[in-house]
Amino acid sequence: MSRNRLRAALTAVTALLFLLTLGPALVSTAPPAVAAAAPVRVMPLGDSITGSPGCWRAVLWNRLQSTGYTDVDFVGTLGPQGCGVTYDGDNEGHGGYLATNIANQNLLPGWLAATHPDVVLMHLGTNDVWSNIAPATILAAYSKLVDQMRTANPATTVLVAKIIPMNPSSCPECGQRTIALNAAVDGWAAGKTTAASPIVVVDQWTGFNTATDTYDGVHPNAAGDQKMSDRWYPALTAALRRTTPTPSPTPTPTPTSTPTGSPTPTPTGSTTGPPHPADSPSPTPTVGGCVATWRTVGQWPGGFQAEITVRNNGAVPIPYWVVRFSLTGGQRITQSWSAQLAQGGTAVTARSATWNGALAPGAEATFGFLADGAVPNPVPLPACALG
């Protein structure tokens with residue numbers, strides 16, 4: 001080999017060794033990956049109009065996704081309902097609950113601690129109106145709830161609804177009571193809003209027709225769901241554009257695939273606000289492909305609230321279910337939700353609603369009711385069958 005060729009080979013080897021030595025340094029100085037921005041956490045807060053099934057949330061969620069608002073996380077301790085579409089169904093829509101009871105019993109702080117919302121969509125007060133609670137008392141409850149939101153997150157944006165109209169056959173006065181509450185909301189919001197934590201009024205009342213937009217004078221049908229979504233959308237997207245997500249020390253609860261909320265009740269007698277929750281599970285006898293479990297949610301002098309959870313414990317899907325139980329102490333059911341209840345003497349039969357009858361193996365559905373009388377002791381043993 002000539003000297004020139006040898007010199008060239010040695011030069012190439014030296015350069016290669018230099019690059020190999022330098023390589024790790026080059027790798028180690030590469031900039032770190034940038035973490036993805038946290039989504040804005042949105043809590044839908046209300047009663048059954050929000051939670052059972054509250055399909056305006058599904059319409060709204062999918063519209064947000066299709067229009068580019070993809071960094072949004074709907075949050076709540078309740079899971080999605082059977083709305084027939086894929087959506088982020090977490091919510092705080094508690095069927096039968098009053099704004100005044102949520103405030104008086106301090107239920108909201110626990111929900112806030114579990115979910116850390118940046119924005120709250122609040123459609124709340126329907127059951128208060130039904131219970132003939134004065135607008136001033138309802139607004140005082142709103143104020144306490146907002147204070148609790150701000151304690152949890154001083155930058156919370158609150159979108160509060162003028163609630164949709166009511167025209168139930170059992171409450172002819174409810175329509176005018178709703179108007180009275182809604183008329184006071186603007187002034188309340190103006191006095192409570194702050195630059196750090198704005199309150200935005202969303203008019204869900206105007207243009208909403210109980211004859212065409214509800215199925216019972218209270219709860220929205222598909223047309224009503226669309227109207228509610230359309231009213232929330234511009235206010236929520238404006239809030240999303242100005243909101244910076246706050247750090248969350250704990251992850252958002254994983255959505256469940258079965259209902260856990262209960263709609264605003266369809267009354268069959270006098271209406272009573274829900275009490276403070278208190279668990280008291282009962283045994284679960286099995287009939288057919290499902291089991292049913294009783295839970296006493298709460299009690300007060302002369303009445304109580306209970307719910308029954310139905311679970312498909314078989315290996316194949318079931319199309320619908322029927323639960324039967326007895327109330328032997330003279331108790332009378334006054335309101336119910338998420339099932340078709342019929343009481344004859346001591347015997348009670350509950351048939352699945354159109355949206356929660358079909359259950360996959362392991363899936364659950366929950367219905368609830370209010371009743372006059374003392375909590376049964378021992379609690380009933382509900383029997384579930386394929387009905």
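The values are calculated or read from the model by the stated rules, or taken from the named source; none is laboratory data. Keep in mind that what you see is a predicted model, and the values were worked out from it rather than measured. Glycine gets a Cβ as well: all are built from the backbone with ideal geometry, and neighbour counts include every protein chain shown. Note: accessible area is taken over every heavy atom of the protein model, side chains too, but ligands, DNA and RNA are not part of it. Shrake-Rupley method; radii C 1.70, N 1.55, O 1.52, S 1.80 Å.
The table that follows gives values for the structure above.
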{"read-out": "Residue list for segment 294-324, filter: outside any strand (DSSP E or B), out of contact with any strand residue (DSSP E or B) (no Cβ under 7 Å at 6 or more places or on another chain) and exposed (fewer than 15 other Cβ atoms within 10 Å of the Cβ)", "value": "301, 315, 316, 319"}
{"read-out": "Residue match in segment 59-69 (condition: open to solvent by less than 10 Å² (accessible area, probe 1.4 Å), at negative phi and within 15 Å of the chain's Cα centre (by Cα))", "value": "yes"}
{"read-out": "Residue within segment 374-384 that is more than 15 Å from residue 324 (Cα to Cα) and touching a Pro at 6+ places or on another chain (Cβ under 8 Å) present", "value": "no"}
{"read-out": "Any hit, segment 38-51, residues being over 20 Å from residue 160 (Cα atoms) and part of a loop (DSSP other than H, G, I, E, B)", "value": "yes"}
{"read-out": "Answer from 140, 152 - the residue that is on the phi < 0 side of the Ramachandran plot, within 20 Å of the chain's Cα centre (by Cα) and small (Gly, Ala, Ser)", "value": "152"}
{"read-out": "Residue ranges of strands (runs of 3 or more DSSP E) in segment 325-367 with at least 1 members under 16 Å from residue 304 (Cβ atoms) and within 19 Å of the chain's Cα centre (by Cα)", "value": "332-337"}
{"read-out": "Residue that is closer than 21 Å to residue 150 by Cβ, open to solvent by less than 70 Å² (accessible area, probe 1.4 Å) and of a type in the set (A, V, I, L, M, F, W, C), where the choices are 180, 223, 189", "value": "189"}
{"read-out": "Whichever residue in segment 347-362 is buried (at least 19 other Cβ atoms within 10 Å of the Cβ) and touching a residue at least 60 places away in the same chain (Cβ under 8 Å) and, among such residues, is farthest from residue 314 (Cα to Cα)", "value": "356"}
{"read-out": "Wholly within segment 172-272, helices (runs of 4 or more DSSP H) carrying at least 1 residues that are within 18 Å of residue 74 (Cα to Cα), modelled with pLDDT of 95 or more and touching a helix residue (DSSP H, G or I) at 6+ places or on another chain (Cβ under 8 Å)", "value": "222-242"}
